Amino acid sequence: METTVLRNDFALRKVANRYPLRRHITAFFAALLVIAMLALVVFGGIQIYSLLGLPEDQRELGVNRTIWMLGLVSSSLVLMSIFAVWELARRLSKPLRSLADEAGSIRDFDFSNAAAVHTGIEEVDELSIIMNEMKTTIRRFLEIGSSLTAERDLHSLLNRILREMVDVSRTMGGVVYLLEEDGKAMRFEIGRHSGDKTFEALDEEYAMRVPLEIRNSIISDAALRRKIETRQVRLDEIKSVDRAVASKLGVKSEFVDLIAVPLLSPRGETLGVVMLVSETATAKTDTENVSGHLLALLKAIAGSAAIALENQQLMMAQKNLMDSLIKLVASAIDRKSPHTGGHCTRVPALAKMLAEAAVKQNYGPFANFRLTDQEWEALELASWLHDCGKVTTPEYVVDKATKLETLYNRIHEIRTRFEVVKRENEIKLLREFLKGGASLRDIEKRIVDFNAEIDQEYALVAEANIGGEGMAPDVIEKIKGIAASRTWTRTLDDRIGISHEEMTRLKAAPPQTLPVVESVLADKPEHIVIREERDQMPEDNAWGFKLRVPAHKFNLGELHNLGIQRGTLTDEERYIINDHIVQTIIMLESLPFPRHLRNVPEIAGGHHERMDGNGYPRRLMGKDMSVLARIMAIADVFEALTAGDRPYKKAKPLSEAIKIMGAFKRNGHLDPDLLDLFLESNVWMDYSYRFLNPEQMDEPDIRTALSIRPASEPVGPRAGNMAHMDTPRRIA
């Protein structure tokens with residue numbers, strides 16, 4: 001007797017020498033009945049023969065004994081039958097118990113052992129084979145599902161989907177097409193032979209994109225009908241796209257078997273199609289077509305694959321959206337100030353270049369430095385967001401190009417005062433002339449001399465307003481002398497037509513009776529903007545900031561601003577500029593970054609720290625900073641030194657920028673190992689060719705910069721420690 005059983009490769013296998021259970025039971029009881037009848041006949045015959053040999057008077061006693069013996073034999077036969085049935089039940093229950101245990105293992109997802117049951121009973125042995133193969137199928141299906149969900153790269157996921165389907169179907173190869181964004185065509189993604197060889201393009205260009213409305217492929221049919229399509233066609237009659245795929249897979253036989261499996265989302269939407277191809281020499285009959293069991297498994301695998309694919313596409317879409325939003329924020333910051341228009345774009349490029357150089361180095365401090373895909377992503381996000389706090393920084397402070405500039409350059413107001421001084425002197429002298437006190441020629445000479453003196457004084461003030469690398473103390477004293485000696489008369493009320501905030505500041509001093517004589521330069525009480533409680537940063541703040549907070553929010557005093565020694569910023573304004581990194585850290589730490597991006601705030605927020613612990617806002621030592629944070633600092637410094645779009649300084653040539661960075665290395669501002677890598681690997685040169693103006697491209701002294709060593713050795717166990725720095729004027 002033979003029966004057919006499903007194999008794990010979905011072919012059919014013949015099982016010989018097996019008989020149905022009903023036949024076993026029938027044969028057993030038939031044999032038992034025959035044995036009982038034979039026993040009774042033999043015993044009865046013997047007893048009858050014995051009775052015939054007894055005398056007449058003993059036959060009644062013999063009959064009774066015979067009846068008793070027959071009862072005894074019958075009872076023995078019954079007991080033997082009961083024992084035989086019990087033994088049969090025991091032997092049948094043992095394999096059934098094994099199969100029950102096997103079913104329990106499947107229930108518990110334990111696929112480690114396979115029960116081998118050989119009873120000679122057709123149903124039991126067939127059940128054993130089917131359960132083992134069911135276990136193999138479930139285990140394989142779970143392994144496929146697990147492997148698909150483990151993939152994090154779309155290309156690798158598609159390759160895995162195709163490989164699993166090709167292996168399960170035992171076809172010669174296949175291809176994957178994905179639906180385009182507009183839903184009008186399928187786009188070729190990857191192909192695979194039955195071995196490990198893959199290909200990412202077809203020989204025919206028209207086969208790379210399959211419009212759904214043309215219906216020139218089984219692929220479009222499966223995508224539109226949303227069900228598995230199977231066909232066997234002659235090679236010379238195959239559709240154009242299918243022929244291109246078959247040709248790429250090397251089909252040579254007369255007939256081609258095609259299976260198109262749609263990848264459907266849980267909502268039933270087509271995400272893509274997997275087409276499997278095999279060749280056959282002869283046409284198949286209907287009974288020889290693709291097994292329904294194989295199609296069922298392919299459909300199940302396609303369901304898991306579609307879920308994994310949709311999850312991957314959703315994650316990519318979310319990542320692209322997040323990246324776009326981040327770049328939008330960075331672009332908005334750059335657009336906010338036309339003078340720093342490319343900073344948030346150039347820093348990520350330079351940071352990536354330096355990180356790549358560190359990864360490539362196979363000797364020295366960075367010989368073992370490597371970055372995972374997640375760390376690369378964190379670096380990119382941090383570099384784009386490193387100045388996101390600038391959205392809170394007043395634009396006029398960021399762009400303050402002169403010392404007297406606020407929302408406008410107040411030098412114009414001061415120039416007007418000097419003009420008024422000249423006019424008042426001229427009016428005074430002309431009045432003296434009208435009174436006959438002096439000749440006209442003498443008056444004119446005195447006017448010319450006075451105006452020349454005023455012009456010189458204003459020129460000194462205007463020159464001081466520009467700012468620079470340093471201002472001599474005697475210049476400051478001269479400006480103070482001008483403020484003390486030059487006055488003008490104000491005849492209009494300065495408390496009308498002003499804002500509520502300005503009026504509040506004016507109330508700090510009592511009103512004066514007009515006309516009022518005022519100095520051309522002054523520090524007035526109303527120039528002080530008080531720092532309110534909301535602008536305070538407590539020492540025990542949650543972020544660990546260690547800040548020197550100025551007493552006032554702003555000091556707009558004219559002498560105070562003109563007396564700035566270096567640059568154009570007051571201490572109050574520099575605090576506001578520096579506050580952008582404080583706001584950057586607060587903003588980023590408030591975001592729910594996924595686990596692999598939780599170091600983004602540390603990377604983005606550390607580019608103004610210094611290796612010697614004198615940076616801001618946390619005053620971190622070099623040992624407390626990650627390598628990526630120190631890479632960010634190098635990128636931020638070099639970009640700022642060479643940027644040509646700052647209103648407060650000219651772009652520095654390469655030679656001067658490299659010289660300054662060498663000085664920063666000596667003074668403990670920058671990581672010496674990273675800076676040496678920056679110079680040795682020619683990252684500076686590659687960046688310069690991409691972003692610097694031709695007039696900046698001179699010959700820097702790289703050898704001297706490399707020979708400079710820090711005044712003190714790096715702090716901490718890690719190679720190189722990095723921070724930001726105070727510049728002669730302002731870096732970023």
Self-check item: Whole-Å semi-axes of the range 590-666's equivalent ellipsoid (Cα gyration tensor)
Solution: 27, 16, 10
Quiz item: What percentage of the solvent-accessible surface of the range 159-246, computed with a 1.4 Å probe over protein heavy atoms, is contributed by carbon and sulfur atoms?
Solution: 42
Quiz item: Could you list log10 I(q)/I(0) for the range 151-257 at q = 0.12, 0.19 Å⁻¹, which the Debye formula gives when each Cα is one point scatterer?
Solution: -0.39, -1.04
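Viscosity 1.567 mPa s, temperature 4 °C: Stokes-Einstein D of the range 430-494 from its Kirkwood Cα radius, in µm² per second?
Stokes-Einstein gives a translational diffusion coefficient of 89 µm²/s.
Can you give me the accessible area per residue for the range 312-375, using a 1.4 Å probe, in Å²?
Normalised by residue count, the accessible surface of the range 312-375 is 56 Å².
From the C-alpha coordinates alone, can you work out the Kirkwood hydrodynamic radius of the range 189-314, in Å?
It works out to 15.3 Å.
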Exercise. Could you work out the equivalent-ellipsoid semi-axes for the range 205-278, taking the square root of 5 times each eigenvalue of the Cα gyration tensor, largest first, in whole Å?
Key: 22, 13, 10
Self-check item: Surface/4 estimate of mean projected area, convex hull on alpha-carbon atoms of the range 188-231, nm²
Solution: 3.9
Practice problem: Return the Cα extents of the range 316-417 along principal axes one, two and three, sorted largest first, each rounded to a whole Å. | Solution: 66, 39, 16
Quiz prompt | Heavy-atom accessible surface of the range 480-540: percent carbon and sulfur, 1.4 Å | solution = 54
Quiz item: How are the Cα pair distances of the range 629-678 distributed, in percent, across 5 Å bins from 0?
Solution: 5, 22, 31, 25, 13, 5, 0
Quiz item: Computed on alpha carbon atoms, what radius of gyration and Dmax characterise the range 578-623, expressed in Å?
Solution: 11.0, 32
Quiz prompt | the range 467-516: projected area of the alpha-carbon convex hull, averaged over directions, in nm² | solution = 5.7
Quiz item: Accessible area per residue, 1.4 Å probe, Å², for the range 198-283: what's the number?
Solution: 46
Quiz prompt | Over the range 392-512: Rg over Rh, Cα atoms, Kirkwood Rh | solution = 1.06
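The values are calculated or read from the model by the stated rules, or taken from the named source; none is laboratory data. Note that the structure is a prediction, hence the values are computed from the model and not measured. Surface accessibility is based on the protein's heavy atoms, side chains included, excluding ligands, DNA and RNA. Shrake-Rupley method; radii C 1.70, N 1.55, O 1.52, S 1.80 Å.
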